[in-house]
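Participant: Structure in structure tokens, see below.
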Amino acid sequence: MAIDYKKELEAAAKSMILVHEPDVLIRMVVRMIVQKVEVKHAGILLHQKEQDTYILTVSRGTAGLKIPAGFARIDADNALILFFKEHKDKELFDDGMLVLEEAKKLLEKDISAQLKELLEQALYQMEIFESVACIPSYFRDELLAILILGSKENGEKFAQDELDFFAALASDVAMAIRNAQLFTELELELDKKQKLFIHTTIALSAAIDAKDHYTRGHTARVTNLSLEIAKRFLQKNKKELDIKFLEDVNIAGLLHDIGKIGIPESILNKQGPLNEEEKKCMHEHTLIGVTILQPIRELDQAILGVKYHHERYDGAGYPEGLKGEQIPLIALIISAADAFDAMITDRPYRRALSKKEAMEEIKRGSGGQFDPEVASLLLELYQEGRI
Amino acid sequence: MPKLLIVDDELDVREFAANFFRKRKVEVTTAVGGEEALSILDNFKPELVLLDIKMQGINGIETLKRIREKDKDLKVIMVTGKKPDEDGSLNICQQLGVLDYIHKPLELAELERVVMGALK
């Protein structure tokens with residue numbers, strides 16, 4: 001039965017979009033050629049930039065013909081490579097590929113001695129690979145890969161639609177390799193940006209610690225503890241590791257008190273309990289934090305943690321008096337971590353509690369100030385000696 | 001016909017290399033490792049041994065040493081994935097007298113030239 005190459009190609013293109021690893025994709029392409037077109041063997045020579053050499057990375061087909069992966073290479077000065085580099089404008093052959101029979105016909109014609117020599121050497125290399133057709137993959141001017149094809153099982157010549165099929169696959173391969181390269185570069189770039197962002201956030205959070213003498217190191221500790229609780233929550237609820245959630249918790253932890261930048265130092269550093277008016281002013285720091293961070297759209301989830309980290313499970317917190325499940329999880333986590341760390345550090349008006357005493361307080365506040373699930377996670381971490 | 005013994009623990013390599021040289025009118029026998037190679041030598045009497053260095057069991061260098069105990073003059077070409085200076089094996093091979101030393105991934109044209117040249 002004849003194969004509908006257009007359909008095969010469409011199917012291939014669809015699955016290729018999903019593959020970021022060029023190695024996986026190339027294996028797919030080679031397998032497809034061997035299976036669908038029934039060639040004796042097929043392989044791909046892939047350009048290795050660092051050594052400027054082409055390595056046969058994938059090969060499939062009949063035993064004895066397929067070349068073991070990583071066994072063979074050809075260097076950049078090999079005639080086959082030179083031929084494709086010098087003749088990529090397809091002036092010699094319609095589709096830019098080297099088909100043994102067509103090339104032999106060309107050798108009979110009146111061509112320059114130089115071209116004749118190059119072509120003969122390229123054909124010799126094809127013979128060594130037992131290849132009857134070689135299809136180059138370019139991206140712009142760069143020769144990224146060469147598809148090496150053996151003869152068909154039934155001994156027939158390749159039909160035009162088969163050659164077209166190979167040409168399309170080769171160009172898809174080039175695009176995929178290029179995309180994968182871009183993807184890797186982009187990831188590196190993103191990683192750099194992400195690091196820059198986190199470091200900026202840490203610098204910002206240091207500004208709060210510098211202003212509020214009594215909370216030195218508090219921000220880092222709350223962040224770490226919040227992350228521990230968040231990870232445990234994901235584990236317990238059998239959720240996949242939700243990187244985005246953990247990133248949000250990290251940022252929210254670092255910035256939960258950022259609004260204190262807008263609170264007078266006389267209140268922040270007051271020796272003794274705050275009066276009602278001072279308390280009211282102090283409570284403003286949650287909403288000031290939101291005002292500061294709001295322009296950064298990407299922080300929408302982290303901002304929820306900043307805004308509501310003084311809400312209480314029983315509804316008696318601020319700024320909105322949210323209750324139970326109305327309070328976002330991220331805020332419930334920051335709230336418990338924040339309260340726990342405050343208890344175990346000295347404050348102007350009281351001495352620090354021991355961790356054991358603080359844990360008793362957390363237990364007592366479970367269902368009141370604290371979300372019962374978050375409180376029990378905190379207790380678990382304590383019992384395991386993780387905090 | 002000239003005789004070639006190919007020693008490699010990788011099936012694909014043995015099959016490919018054997019087919020490659022049979023087509024070039026060479027009588028080929030393959031061995032999966034050093035021990036098998038040594039047991040084949042006396043009967044097969046190859047003119048040349050293509051010997052992989054990194055193998056399970058007795059490796060290529062050890063096999064070469066044992067070949068030299070039997071036959072000081074047998075032509076041997078070593079094949080390796082390592083750069084020569086990485087483990088000093090090139091030096092050892094040279095002391096034991098090898099014809100050549102080829103790295104994977106290799107140029108098949110070079111393999112053909114070296115092996116066919118040695119078999120002439």
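The values are calculated or read from the model by the stated rules, or taken from the named source; none is laboratory data. In this text the structure is predicted, and so the values were computed from the model without any measurement. Here Cβ is always computed from backbone atoms with ideal geometry, including for glycine, and neighbour counts include all displayed protein chains.
Participant: Tell me the residue from A:Ala113, A:Ala103, A:Ala79 that is over 24 Å from A:Lys152 (Cα atoms), more than 14 Å from chain B (Cβ to nearest Cβ) and not hydroxyl-bearing (Ser, Thr, Tyr), please.
Facilitator: Criteria check complete, one pass: A:Ala113.
Participant: Could you list all residues from the range B:57-72 that are of a type outside the set (A, V, I, L, M), surrounded by fewer than 19 Cβ atoms within 10 Å (Cβ to Cβ) and on the phi < 0 side of the Ramachandran plot?
Facilitator: Result: B:Asn59, B:Glu62, B:Lys65, B:Arg66, B:Arg68, B:Glu69, B:Lys70, B:Asp71, B:Lys72.
Participant: Looking at the range B:1-20 only, could you name the residues that are modelled with pLDDT under 95 and either more than 15 Å from B:Met55 (Cβ to Cβ) or hydroxyl-bearing (Ser, Thr, Tyr) (or both)?
Facilitator: Once the filter is applied, which keeps residues that are modelled with pLDDT under 95 and either more than 15 Å from B:Met55 (Cβ to Cβ) or hydroxyl-bearing (Ser, Thr, Tyr) (or both), the range B:1-20 yields only B:Met1.
Participant: Could you pull out the residue among A:Ala145, A:Ala174, A:Ala113 that is assigned by TED's automatic domain parsing to the domain that holds A:Gly64, at pLDDT below 90 and small (Gly, Ala, Ser)?
Facilitator: Every option except A:Ala174 fails the conditions.
Participant: Regarding B:Asp87, is this residue surrounded by 14 or more Cβ atoms within 10 Å (Cβ to Cβ), among the acidic types (Asp, Glu) and over 14 Å from the mean Cα position of the chain (by Cα)?
Facilitator: Answer is yes for this residue.
Participant: Give the number of residues within the range B:1-20 that are outside any strand (DSSP E or B), in contact (Cβ under 8 Å) with a residue 24 or more places away in the chain and surrounded by 15 or more Cβ atoms within 10 Å (Cβ to Cβ).
Facilitator: Within the range B:1-20, residues that are outside any strand (DSSP E or B), in contact (Cβ under 8 Å) with a residue 24 or more places away in the chain and surrounded by 15 or more Cβ atoms within 10 Å (Cβ to Cβ) number 7.
Participant: Can you confirm whether the range B:29-45 contains a residue that is under 19 Å from B:Gly117 (Cβ atoms), without any contact (Cβ under 8 Å) to a residue 60 or more places away in the chain, buried (at least 22 other Cβ atoms within 10 Å of the Cβ) and hydrophobic (A, V, I, L, M, F, W, C)?
Facilitator: Within the range B:29-45 (the criterion being under 19 Å from B:Gly117 (Cβ atoms), without any contact (Cβ under 8 Å) to a residue 60 or more places away in the chain, buried (at least 22 other Cβ atoms within 10 Å of the Cβ) and hydrophobic (A, V, I, L, M, F, W, C)), the answer is no, since none of the residues qualifies.
Participant: Given the criteria in contact (Cβ under 8 Å) with a residue 24 or more places away in the chain, assigned by TED's automatic domain parsing to the domain that holds A:Val30 and in a helix (DSSP H, G or I), does A:Tyr124 qualify?
Facilitator: Yes: the conditions hold for A:Tyr124.
Participant: Continuing with this model, one more query. When A:Lys193 is evaluated against the numbered criteria (1) surrounded by 14 or more Cβ atoms within 10 Å (Cβ to Cβ); (2) part of a helix (DSSP H, G or I); (3) not β-branched (Val, Ile, Thr), which criterion, by number, is the only one it fails?
Facilitator: All conditions are met except number (1).
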